[in-house]
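Have a look at the structure below, then the notes.
Coordinate-derived values only; no laboratory data. The structure presented is a predicted model; accordingly, all values stated were derived computationally and were not measured. Counting neighbours? That spans all protein chains shown, and the Cβs are built from the backbone with ideal geometry, glycine included.
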Amino acid sequence: MRLTRSAQSGHDPADVLLNRFDDYGADKTEGTSTMFELDSNAEGLKFQLHIRWVRNMLKPRDFTFGPVINPFPVFWLVLDGSREIEIAEKRYRVAKGDIVVFTPGIPYRLVPATAGGLFHYMSLGCEAKIGPFGLHEVYPLPAITSDMERCELEALACEWRQLLDRFERLGESIPIREGVAVSDLLPDPATSILLLKLQEALYGWFAKVLALLQSHIPEHTRTLDQRVLRACVYIREHVHEMIRLDDLAAHVYLSPSHFNYLFRRALGLPPAEYLRHYRIQHAKELLIRTSLPIGEISARVGYDGQSQFSRAFRKAEGKGPMAYRREWQLREPGF
């Protein structure tokens, strides 16, 4: 799924994000000042990052892995050496200074090497969303970027190492209790401070990555019919319920046929397919991030019973939900 430009674009995209008003108290001799406040309801401002791992990987030439598939984007920064990687069965060579982005749901692997020295790269897995959409649905990031200046590489590597340091400090601060999942614990004040510092470093790191990749992203601002956007938000907030086309159309005050037309034009797929895709995506997140029983997960993503959920999941992923969770738990994380 890719977002497309909306035909309904009579407004400045910034007006969707900002509430503008004149500063009538300003000194008019210096010109009229326009003040603004950020619109708390603007979905495009709801940027969410959740780090899964950050690693410093120094591997010998015979080190290999994969193929692996992650439900979130994975980023590499190659610091030294050169290796072949495979993304969706297509081979690429990466070398020092390259930024590599692995798209969610796409298999990738590190190909064995018969010659060469150590391969050194930084790796980061991160759930990233803009409003109700995944980062890759809004910004089609290039798989490999190789045109960084040396100073840019050093600055990004420095940000990455700072992020790694804060990630490891947070991990050391969280107590391990028998029979208690880390996700069930409320952090104490000291841990909360470490978590906030990690988030600060994560958003700073991502701003730098996005700035370096900006020239490879289409320049136009992506706009989306606000009725379609509100429907997507509704789906994600009510995914545990039975949602019909009529419900979505009524939520945005459109007839079902016109809503279906607008939705298809904006996102390239019908609402029912978008809903199925999101149910499975959310289920994958719950399978990975929680220890909830399969029956509980099936209810949380809106299926009428575990068997119906299992059939839908197997059709989408080629394996059942238990097998998916077990495979994830057994894999070595952090590639």
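Could you tell me which of rounded, prolate or oblate describes segment 66-164, using a ≥ b ≥ c as the square roots of the eigenvalues of the alpha-carbon gyration tensor, with rounded for a/c under 1.5 and, failing that, prolate when a/b is larger than b/c and oblate otherwise?
Here segment 66-164 falls in the oblate category.
Which whole-Hz ³J(HN,Hα) couplings does segment 54-69 yield from phi under the Karplus relation 6.51 cos²θ - 1.76 cosθ + 1.60, θ = phi - 60°, glycine and proline marked x?
For segment 54-69, the Karplus curve yields 9, 9, 10, 10, 10, 10, x, 5, 8, 6, 8, 7, x, x, 10, 10 Hz.
Packing-wise, with mean Cβ within 10 Å as the measure, how do 241-249, 102-110 rank, highest first?
102-110, 241-249
Arrange the following residues from fewest to most other Cβ atoms within 10 Å of their Cβ: Ile69, Ile99.
So the ranking, lowest neighbour count to highest, is Ile69, Ile99.
How large is Rg over Rh for segment 47-216, taking Rg from the Cα atoms and Rh as the Kirkwood inverse mean of 1/r across Cα pairs?
0.98
Loop-only check: which chymotrypsin sites (Phe, Trp or Tyr not before Pro) in segment 189-291 are DSSP coil with at most 16 other Cβ within 10 angstrom?
In loop regions of segment 189-291 (DSSP not H, G, I, E or B), the sparsely surrounded chymotrypsin sites (Phe, Trp or Tyr not before Pro) are Tyr253.
Which ordering of Thr114, Thr64, Thr290 is given by a fewest-first count of other beta-carbon atoms within 10 Å?
Sorted ascending by nearby Cβ count, the order is Thr114, Thr64, Thr290.
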